[in-house]
Amino acid sequence: METGRYLIYLRKSREDRDAEMKGEGETLARHRRELLDLADRTGILVKEEDIFEEIVSGDSIAARPVMQKLLTAVEQGNVTGVLCIDIDRLGRGNMIDQGIIQQTFLYSNTLIITPSKTYDMSDEIDNTTVEFKSLMARQELNMIKKRLIHGREASVKEGKWVGSEPPYGYNKVKLSKEKGYTLQVNQEEAKIVKLIFDLFLKGFGANRIAGKLGELGIKTNKGNAWSAPSVIHLLKNDVYVGKVHYGRKKKIKVMENGILVEKRKVGSDTVCVDGIHEPIINMETWEKVCDKFTYSRAHSAPIDRTLKNPLATILKCEKCGYTMSCQPRNDRTQSNKKRYVLFCKTKNCSCHASYLDLVEKQFINSLNGWLEQYKTQTLEPQNQNNTDIQKSALQNIISELEKLERQLDRTCELLEQGLYSKELFIARSSKLYNQINTLKKQKEKLEASISRDSSIENYKKELFPKTENLLESYWSLDSEAKNTALKEIIERATYVKEKYGKGNEDAFTLHIYPRLPKKQNPCNLLLRKR
Ligand SMILES: [Zn+2]
């Protein structure tokens with residue numbers, strides 16, 4: 001009996017599958033028996049857990065999880081040999097994968113044991129034999145793949161179905177007297193296919209159709225709920241008018257960031273022919289559906305997200321405080337511009353809607369009125385007088401304070417010279433202290449008032465020209481620019497409308513609150529429209 005750990009690796013090849021279909025029996029079970037016999041004959045013991053059986057049949061190591069496990073076990077160096085039916089069972093993928101496998105066996109000193117020969121990778125002749133055999137296997141694989149592709153293309157040209165899964169509405173059936181498959185109408189599913197086409201032509205969107213199918217408890221052939229994309233996919237599939245394709249989903253392998261990835265080949269040389277299967281949808285229906293798709297593509301303008309409401313976020317509902325919303329209307333203004341309506345979105349709010357153009361016009365008129373009114377107010381000499389009076393009052397206080405402080409100094413001197421008694425000094429100086437404190441408070445107040453006035457003046461110096469400029473150019477701006485400029489001038493504005501119906505189109509009231517320093521904010525300045 002040989003000592004050491006031995007593994008068995010089993011994997012089906014494509015040819016095995018073909019052979020199985022011809023009735024040659026299950027390949028892996030046969031290979032397993034064969035290799036266990038070999039182990040018996042050579043006195044090798046293989047534990048059940050050391051039999052590695054690959055279920056998937058990818059050619060690359062990445063696609064073969066069991067091969068990855070086997071390589072890890074071999075790498076650890078405690079495996080004496082791996083039994084397999086032939087060298088090509090270990091791998092006939094690309095040269096890199098082949099190299100990985102050979103190196104792993106070489107460096108771990110692991111034997112490859114096949115029924116016909118045992119390979120020791122450290123032996124030069126064996127190594128070369130393995131390399132040669134792998135090369136041959138790889139070339140053979142490529143030949144098989146090419147034959148397969150040609151075979152599929154030839155099948156499609158004959159109108160046969162070469163896809164693995166049948167589309168919804170059909171079953172995949174084996175052709176009786178020749179190689180290959182075709183589609184057979186699944187009567188139950190075909191009814192649903194017709195229903196989907198029918199609903200679409202009646203104006204149902206893909207979403208609504210999917211919802212309808214959900215209500216009816218109908219699932220896709222994978223057992224999933226219908227979705228808008230799966231409905232569209234079905235509506236665009238010409239298999240329902242009897243066509244078959246090849247190459248439509250052709251995948252190509254490309255290197256991306258050093259990783260091999262599969263990609264759909266675009267604009268590939270596709271084959272589209274009349275299939276031998278029965279159509280479910282007639283040509284007339286199909287063409288109508290195609291027209292609908294082309295029409296909707298041609299007519300779906302990109303969504304216009306530009307701002308339509310120049311009063312957006314500025315104007316609030318006076319009743320509930322909520323921002324007024326804006327919506328397009330079908331009618332037009334006298335100057336043939338698209339009309340919008342302003343309304344309060346709050347449920348049950350009794351504030352009535354108005355046309356945006358009417359509100360906007362009134363808004364600007366009111367702003368104009370406010371500006372005119374304010375301009376005359378500031379130009380009034382009385383305002384300037386007020387500032388002058390404050391300034392001279394401040395000057396008086398300052399000189400008075402200086403006088404009092406001098407007196408205080410003098411009391412101290414008199415006390416030092418012994419001319420003032422202590423009691424007299426305290427009485428005099430505390431009186432002076434009180435006077436000084438009172439004056440200092442007055443001085444602070446006046447200074448604050450003067451600086452506030454001047455800041456208001458400065459602010460007005462900015463705000464008024466800004467407003468004036470905006471009002472001059474307002475009607476030539478687009479909504480977005482209007483909105484931005486208004487926000488700089490207006491803190492907020494409210495809207496309310498109690499009456500509605502004909503004759504009350506402009507029976508709304510606007511209150512506008514310009515951005516002014518708090519103290520003199522003319523909040524109560526009502527700009528009322530009756
Ligand atoms: Zn409201």
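Select from segment 325-338 the residues that are open to solvent by less than 40 Å² (accessible area, probe 1.4 Å) and over 30 Å from F464 (Cα atoms) and list them in ascending order.
Scanning segment 325-338 gives a single hit, T333.
Which residue is surrounded by the most Cβ atoms within 10 Å (Cβ to Cβ), if the candidates are limited to segment 139-162 and must be assigned to a helix (DSSP H, G or I) and of a type in the set (G, A, S)?
In the first step, residues of segment 139-162 are kept if they are assigned to a helix (DSSP H, G or I); the result is 139-157.
This time we only want the ones that are of a type in the set (G, A, S), so: 151, 154-155.
Working: G151: 12, A154: 15, S155: 20.
This residue is S155.
How about segment 335-348: which of its residues are in contact with a strand residue (DSSP E or B) (Cβ under 9 Å, 6 or more places away or on another chain) and more than 14 Å from the ligand (Cβ to nearest atom)?
Initially, segment 335-348 is screened for residues in contact with a strand residue (DSSP E or B) (Cβ under 9 Å, 6 or more places away or on another chain), giving 338-346.
Within segment 335-348, K338, R339, Y340, V341 qualify.
Cβ-Cβ below 7 Å, separation at least six or inter-chain, first residue in segment 189-210 and within 12 Å of Y168 (Cα to Cα), second part of a helix (DSSP H, G or I): which pairs?
V193/L234; V193/Y240; I196/I209; I196/V231; I196/L234; I196/L235
In segment 440-467, which residues are of a type in the set (K, R) and in contact (Cβ under 8 Å) with a residue 24 or more places away in the chain?
Initial filter on segment 440-467 (of a type in the set (K, R)): 440-441, 443, 445, 452, 460-461, 466.
K440, K443, R452, K460 - these are the residues of segment 440-467 that are of a type in the set (K, R) and in contact (Cβ under 8 Å) with a residue 24 or more places away in the chain.
Mind checking which pairs have a first residue in segment 339-365 that is closer than 15 Å to T494 by Cβ and open to solvent by less than 40 Å² (accessible area, probe 1.4 Å) and a second that is among the polar types (S, T, N, Q) and within 16 Å of the ligand (Cβ to nearest atom), Cβ under 6 Å, 6 or more apart or different chains?
L342/S354
Name the residue, out of T484, T438, that is under 30 Å from K361 (Cα atoms) and at pLDDT 85 or above. Reasoning before the result, please.
Details: T438 fails: under 30 Å from K361 (Cα atoms).
Sole residue among the options that is under 30 Å from K361 (Cα atoms) and at pLDDT 85 or above: T484.
Could you tell me which residue of segment 211-229 is farthest from L195 (Cα to Cα), considering only residues that are open to solvent by less than 90 Å² (accessible area, probe 1.4 Å) and part of a helix (DSSP H, G or I)? It would help to see each step written out before you state the result.
Keep residues of segment 211-229 that are open to solvent by less than 90 Å² (accessible area, probe 1.4 Å), which gives 211-214, 217-218, 220-221, 223-228.
Pick out the ones that are also part of a helix (DSSP H, G or I) and you get 211-214, 228.
Details: G211: 13, K212: 10, L213: 9, G214: 13, A228: 15 Å.
Out of the qualifying residues, it is A228.
State all residues of segment 471-493 that are touching a helix residue (DSSP H, G or I) at 6+ places or on another chain (Cβ under 9 Å) and exposed (fewer than 15 other Cβ atoms within 10 Å of the Cβ); if no residue qualifies, say none.
S473, W475, E488
Give segment 317-334 a look and list any residue that's assigned to a strand (DSSP E or B) and within 16 Å of the ligand (Cβ to nearest atom), or say none.
Residues of segment 317-334 that are assigned to a strand (DSSP E or B), as a first pass: 317, 323, 325-332.
Selection gives C317, T323, S325, C326, Q327.
Please determine, by comparing only the residues of segment 181-203 that are more than 20 Å from S230 (Cβ to Cβ) and touching a strand residue (DSSP E or B) at 6+ places or on another chain (Cβ under 8 Å), which one is surrounded by the fewest Cβ atoms within 10 Å (Cβ to Cβ).
Let us first name the residues in segment 181-203 that are more than 20 Å from S230 (Cβ to Cβ), namely 181-182, 184, 187.
Subsequent filtering for residues that are touching a strand residue (DSSP E or B) at 6+ places or on another chain (Cβ under 8 Å) retains 181-182, 184.
On the way: Y181: 17, T182: 23, Q184: 14.
Among those that are more than 20 Å from S230 (Cβ to Cβ) and touching a strand residue (DSSP E or B) at 6+ places or on another chain (Cβ under 8 Å), it is Q184.
In the set E400, E413, E468, which member is open to solvent by less than 100 Å² (accessible area, probe 1.4 Å), closer than 30 Å to P514 by Cα and not hydrophobic (A, V, I, L, M, F, W, C)? Let's see the steps before the verdict.
On the way: E400 fails: closer than 30 Å to P514 by Cα; E413 fails: closer than 30 Å to P514 by Cα.
Answer to the selection: E468.
Among the numbered conditions (1) surrounded by 11 or more Cβ atoms within 10 Å (Cβ to Cβ); (2) outside any helix (DSSP H, G or I), tell me where K445 comes up short.
For K445, the exception is condition (2).
The values are calculated or read from the model by the stated rules, or taken from the named source; none is laboratory data. Remember, predicted model here, so these are calculated numbers, not experimental data. For neighbour counting, all protein chains shown are included, and Cβ atoms are generated from backbone atoms with ideal geometry for every residue, glycine included. These area figures cover heavy atoms from the full protein model, side chains too; ligands, DNA and RNA do not enter into them. Shrake-Rupley method; radii C 1.70, N 1.55, O 1.52, S 1.80 Å.
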